[in-house]
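Below is one structure; the comments refer to it alone.
The values are calculated or read from the model by the stated rules, or taken from the named source; none is laboratory data. In this text, all values refer to a predicted model and were calculated from it rather than measured experimentally. Every residue, glycine among them, receives a Cβ derived from its backbone with ideal geometry; neighbour counts consider all protein chains shown. Please note that ligands, DNA and RNA were not included when accessible areas were found on the heavy atoms of the full protein model with its side chains. Shrake-Rupley method; radii C 1.70, N 1.55, O 1.52, S 1.80 Å.
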Amino acid sequence: MEKLKLQVHLREDMRKSHVKELRRHGKIPGSLHGKGKAALPLEVALPDLAVVLRTEAGIHGVFDLSIEGAEHGEGGIVVIKSVQTNPINRKVLHVDFQRVSLSDVVTTSVPIGIVGDAAGVRDGGVLEIMMDELEIKSRADHIPSKVDVDITDLQIGHFIHASDIPLLEGIELATKPDMIVITVRHPHMHGEPEVETSEEQAETAPPTV
């Protein structure tokens, strides 16, 4: 996986009022953890973060993080550990980075890519995607940008489980193997609406005054 470059700033003002000021200027608070070093508070520009998150690797990428205002060597190779968002408008409120080495084995989630058209859909079934990400274990420098799933032979009433998805060498499944990822379900059958008789209509008609 290609390393993405991201520059952030060391956050020196820890007042809550400063967080509001950051957000007014298109920035969010963040933090950097791991590798036995003290956590560092950060300021992250949302436009810069958005640029790297829109790449194919996205939120699951490996970042070469540089920190303006911090001592030399405080940045380095990181992954995004968590992103806090507003539950209503989904705006990013806070981001946590974790220091890693490229040889470290990390657990992360990667997007699932759908390949082909399911046979069951051609026969009238409805494709249902139960999971759009797969949790894996991999070296930090071997994290794939996505995991492709071929659904060409998927029939109505059949399932693709997490354990059915082929992974590249060196990548292990961290999702529960029996989790259903994709299925083609039977279409809903709707009966013809019943037509009320004139007597039934009379019985159910609202009274007049």
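Structural remarks
- Residue in segment 8-19 that is within 23 Å of the chain's Cα centre (by Cα), within 29 Å of PRO111 (Cα to Cα) and open to solvent by 20 Å² or more (accessible area, probe 1.4 Å) present: no
- Of all residue pairs spaced 6 or more apart or on separate chains, those with beta-carbon atoms under 9 Å, a first member in segment 42-62 that is touching a residue at least 40 places away in the same chain (Cβ under 8 Å) and in a strand (DSSP E or B) and a second member that is among the polar types (S, T, N, Q) and surrounded by 17 or more Cβ atoms within 10 Å (Cβ to Cβ) are LEU42/SER31.
- Enumeration of residues in segment 128-146 that are out of contact with any Asp or Glu (no Cβ under 9 Å at 6 or more places or on another chain), aliphatic (A, V, I, L, M) and within 19 Å of ASP164 (Cβ to Cβ): ILE129, MET130, MET131, LEU134
- The residues on offer are ILE160, ILE182, ILE171, ILE165, and the sole one that is without any contact (Cβ under 8 Å) to a residue 60 or more places away in the chain, farther than 30 Å from VAL78 by Cβ and either open to solvent by 20 Å² or more (accessible area, probe 1.4 Å) or of a type in the set (Val, Ile, Thr) (or both) is ILE160.
- GLU43 being within 19 Å of HIS9 (Cβ to Cβ) and crowded, with 16+ Cβ neighbours inside 10 Å: yes
- Residues of segment 54-68 that are open to solvent by 60 Å² or more (accessible area, probe 1.4 Å) and within 16 Å of GLU12 (Cα to Cα): GLU68 alone.
- Scanning segment 102-148 for residues that are farther than 13 Å from VAL79 by Cα, of a type in the set (Val, Ile, Thr) and touching a Ser or Thr at 6+ places or on another chain (Cβ under 7 Å) yields a total of 1.
- Pairing each residue of segment 123-150 that is touching a residue at least 60 places away in the same chain (Cβ under 8 Å) and open to solvent by 90 Å² or more (accessible area, probe 1.4 Å) with any residue that is outside any loop (DSSP other than H, G, I, E, B) and of a type outside the set (A, V, I, L, M), provided the two are 6+ apart or on different chains, yields C-beta distances under 8 Å for LYS146/PRO111; LYS146/GLY113.
- Test result for VAL51, touching a Leu at 6+ places or on another chain (Cβ under 8 Å) and either modelled with pLDDT of 90 or more or open to solvent by 70 Å² or more (accessible area, probe 1.4 Å) (or both): no
- Restricting ILE88, ILE114 to those that are in contact (Cβ under 8 Å) with a residue 40 or more places away in the chain, open to solvent by 60 Å² or more (accessible area, probe 1.4 Å), among the aliphatic types (A, V, I, L, M) and not in a helix (DSSP H, G or I) reduces the list to ILE114.
- Residue check for HIS72: surrounded by fewer than 20 Cβ atoms within 10 Å (Cβ to Cβ) and either modelled with pLDDT of 90 or more or outside any loop (DSSP other than H, G, I, E, B) (or both): no
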